[in-house]
Amino acid sequence: MSNPILQVSGLTMDFGGIRALNKLDLDVHAGEIVALIGPNGAGKTTFFNCVTGIYTPTAGDVLMTRPGDKKPISLKGLKPNYVTQKGLARTFQNIRLFSKMTVLENVMIGRHCRTKAFILGAVLRNASTRREEQQIAEMSYSLLEKVKLADLANELAENLSYGAQRRLEIARALATEPHLLLLDEPAAGMNPQETQALIELIREISSDGQAILLIEHDMKLVMALSDRIYVMDYGKKIAEGNPEQIRTNPEVIKAYLGEDVDA
Ligand SMILES: Nc1ncnc2c1ncn2[C@@H]1O[C@H](COP(=O)(O)OP(=O)(O)OP(=O)(O)O)[C@@H](O)[C@H]1O
């Protein structure tokens, strides 16, 4: 088997006396949808923050192997914008859009991390910059079509419904052309119809070959989409397997006592 796109080993994160992550191993292969689940406070967001450069982990490594790479590169210690440039994009638990910009502009911003002419061109506005802007706008528009927001391209982001804002965040992350897409609670705050539409969207994105790692509390979504699931509790991995194995795992049932894993 080829190297995983993402290979996390021994990831540990201490906040003062709190060990939020404890020697966590996790990998994601090309084309997979992998979910990371666990009760509140288990360490899921800390994991994403360590992988995407928001925190530098106390110990462990985060390796990425992109198509064509002879050996993995380490993302550990890289700033978030460099992590994005290497091919890892994410959405956030609390939506982070530019509310006073249009829907299309929000996606175009995501794309700019891949363009040469951005800073210099923004000052000079020469012909090649204008051509590149046009290409970015077209590519961004096609992503809006994918997430079913093309009709709202010129609307301000703040005027979108909650579910639509979450889909816009996904489009913006896809605009960076990631090798791996990280989704942080994409269904949070959605009604059942919005969640169902999201499940279909994630399936469609995955069918294009996009590898996806997601954190989610909505078990219906997790069970419907995941090829593999990692379960953590108190910063440690307590189980790993396919949805059926996770659904029936006694450790998982114990960790979730009182919560509904059997969606
Ligand atoms: N910046 C921080 N400083 C101190 N402690 C933190 C920090 N970030 C997270 N923690 C602690 O680390 C632990 C894991 O938190 P984390 O937010 O990663 O859990 P989670 O699984 O994402 O929870 P939730 O499902 O509620 O979002 C918690 O005990 C939390 O209080």
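The values are calculated or read from the model by the stated rules, or taken from the named source; none is laboratory data. If you're wondering where the values come from, they're calculated on a predicted model, not measured in any experiment. Backbone-built Cβ (ideal geometry, glycine too); neighbour counts: all protein chains shown.
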Legend entry - Extreme residue, nearest to THR102 (Cα to Cα), among residues of segment 134-156 that are in a helix (DSSP H, G or I), at pLDDT 95 or above and of a type in the set (A, V, I, L, M): LEU152
Inset, instruction - Kindly indicate the residue of segment 87-112 that is among the basic types (Lys, Arg) and surrounded by fewer than 17 Cβ atoms within 10 Å (Cβ to Cβ) and also nearest to ILE170 (Cα to Cα) among those meeting that condition. - result: ARG96
Legend entry - Selection count where residues are within 16 Å of the ligand (Cβ to nearest atom), of a type outside the set (Val, Ile, Thr) and in a loop (DSSP other than H, G, I, E, B), scope segment 42-76: 5
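For every residue, the table says whether it meets (1) assigned to a strand (DSSP E or B); (2) free of Cβ contacts under 8 Å to residues at least 12 places away in the same chain; (3) within 16 Å of the ligand (Cβ to nearest atom); (4) farther than 26 Å from HIS217 by Cβ.
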| residue | (1), (2), (3), (4) |
| --- | --- |
| ASN40 | no, yes, yes, no |
| VAL83 | no, no, no, no |
| ALA89 | yes, no, no, no |
| ARG96 | no, no, yes, no |
| SER99 | no, no, no, no |
| LEU104 | no, no, no, yes |
Inset, instruction - Look at segment 173-202 and say how many of its residues are part of a helix (DSSP H, G or I) and within 27 Å of ASN40 (Cβ to Cβ). - result: 11
Inset, instruction - Return yes or no: is LYS237 basic (Lys, Arg) and within 16 Å of the ligand (Cβ to nearest atom)? - result: yes
Inset, instruction - Evaluate segment 180-193: report whether one residue or more is within 25 Å of SER99 (Cβ to Cβ), more than 16 Å from the ligand (Cβ to nearest atom) and surrounded by fewer than 19 Cβ atoms within 10 Å (Cβ to Cβ). - result: yes
Legend entry - Residue, surrounded by the most Cβ atoms within 10 Å (Cβ to Cβ), within segment 217-232, restricted to residues that are charged (D, E, K, R) and at pLDDT 95 or above: ARG228
Legend entry - So GLY241, is it in contact with a strand residue (DSSP E or B) (Cβ under 9 Å, 6 or more places away or on another chain) and either surrounded by fewer than 19 Cβ atoms within 10 Å (Cβ to Cβ) or among the charged types (D, E, K, R) (or both): yes
Legend entry - Some residue of segment 26-34 being without any contact (Cβ under 8 Å) to a residue 60 or more places away in the chain, out of contact with any helix residue (DSSP H, G or I) (no Cβ under 8 Å at 6 or more places or on another chain), away from the ligand (no atom under 12 Å from the Cβ) and not assigned by TED's automatic domain parsing to the domain that holds GLU155: yes
Inset, instruction - Out of PRO72, PRO67, report the one residue that is in contact (Cβ under 8 Å) with a residue 60 or more places away in the chain and surrounded by 14 or more Cβ atoms within 10 Å (Cβ to Cβ). - result: PRO72
